[in-house]
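Below you'll find the structure, written out as structure tokens, and then a few comments.
Bear in mind that the values in this text are calculations on the coordinates, not laboratory data. Worth saying up front: this structure is predicted, and the values here are computed from it rather than measured. Here the Cβ is made from the backbone with ideal geometry for all residues, glycine too, and neighbour counts use every protein chain on show.
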Amino acid sequence: MTGTLITVAPTGAESSKAAVPALPVTLDELVATAKECEALGAAIIHVHIRDDDAKPTLDQGRLRATVAGLRESTGLIVQLSSGGSVTDPEADRLAVLDAGPEMASCTMGTVNFGDDVFMNRWEFVVELHTRMQERGIVPEYEIFDLGQLTTLQRLLSSYGLPFGGHVHVDLVMGVPGGMPGTAEALVACRQAVRDLPEGTTFSATGIGRSTIPVMLASLSAGGHLRVGMEDTVTYAKGQPVESNMQLVARAVGFAQLAQRPPLSPAEARELLGIPAR
Ligand code: KMH
Ligand code: ZN
């Protein structure tokens, strides 16, 4: 077993700044968070951006400035979200790739998302996957339900491996509408990951209160970790998260207890088949 790849997802598209004042929404806030999370042990940053009113946006100029700002100030692997928010049109989600990230997310199917629907038609998934191959962007395949791992198998056998040849998936667990954030569900996914190309790696994140059971289950099953305020805004019962650093520090502590210390960004690039910077 290798060390632990820790991804921070600091912002997301779902929480409002008014409800969660600690959420980083400006570029300065995002860069400051990124630097501190890198110092603690994060290797990847999964990025959603906001506009001047702190609303989710896929504005191309802002995306490019964000990629540049993060690359200038940190060594983190910058992974842009192609998921955006549930209302973003497909064309805008595809255009995220034009901002030149090293990595981007690629969700493996449509899922109910609370009261909304997170749409990911097959043709759209294929378009994202093949554009990323052409542009040298490494995907992180987002898995919200067990069957989406079978969809990934279908994608890879029909359209080939991603750029770099390494397959990495992220299990997003506990979304109302998707699989539950439990050890049992994680083990079921772990079994299905064995049917993917040899060497496939996985990380996992548990939404809300499933964050801790999912972290512990992932570490014990040989998986990696994603944490952050995109997924969890409560640190413990009745205790709001103070910062993304608090969540990353907890994940680093768990990884160290599991004797799988955090991978540096350089080690993570090697693991994921991303060219060194
Ligand atoms: N905001 C969700 C609708 C991704 O970043 O690729 C989708 C999401 C997944 O967060
Ligand atoms: Zn996201």
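Report, as a whole number in µm² per second, the diffusion coefficient that Stokes-Einstein gives for region 6-272 at 20 °C and 1.002 mPa s using the Kirkwood radius over alpha carbon pairs.
118
When we measure straight from the Cα of Lys55, which lysines land under 17 angstrom away, once same-chain ones fewer than 8 places off are left out?
The qualifying lysines are Lys17.
Rounded to whole Hz and in sequence order, give me ³J(HN,Hα) for region 25-30 from the Karplus expression 6.51 cos²θ - 1.76 cosθ + 1.60, θ = phi - 60°, writing x for Gly and Pro.
Each residue of region 25-30 in turn: 10, 8, 4, 4, 5, 5 Hz.
Please turn the phi angles of region 154-170 into ³J(HN,Hα) values with the Karplus equation 6.51 cos²θ - 1.76 cosθ + 1.60 (θ = phi - 60°), one per residue in order, whole Hz, x for glycine and proline.
4, 4, 5, 6, 8, 10, x, 5, x, 3, x, x, 9, 9, 10, 10, 10
Tell me, what HN-Hα J-couplings in whole Hz come from the Karplus equation 6.51 cos²θ - 1.76 cosθ + 1.60 at θ = phi - 60° for each residue of region 172-180, using x for Gly and Pro?
Per-residue couplings from phi come out as 9, 10, x, 6, x, x, x, 6, x Hz.
Under Stokes-Einstein, with the Kirkwood radius over Cα pairs standing in for Rh, what whole-number D in µm²/s applies to region 137-277 at 25 °C and 0.890 mPa s?
D = 157 µm²/s.
Counting Lys and Arg as +1 and Asp and Glu as -1, each charge on the Cβ, what is the dipole of region 6-272 about the Cα centre in debye, to the nearest 20?
Taking the Cα centre of region 6-272 as origin, the dipole is about 580 debye.
Which residues in region 220-235 place their backbone N less than 20 Å from a point set 7 Å from the Cα of Gln191 along the Cα-to-Cβ direction?
220-224
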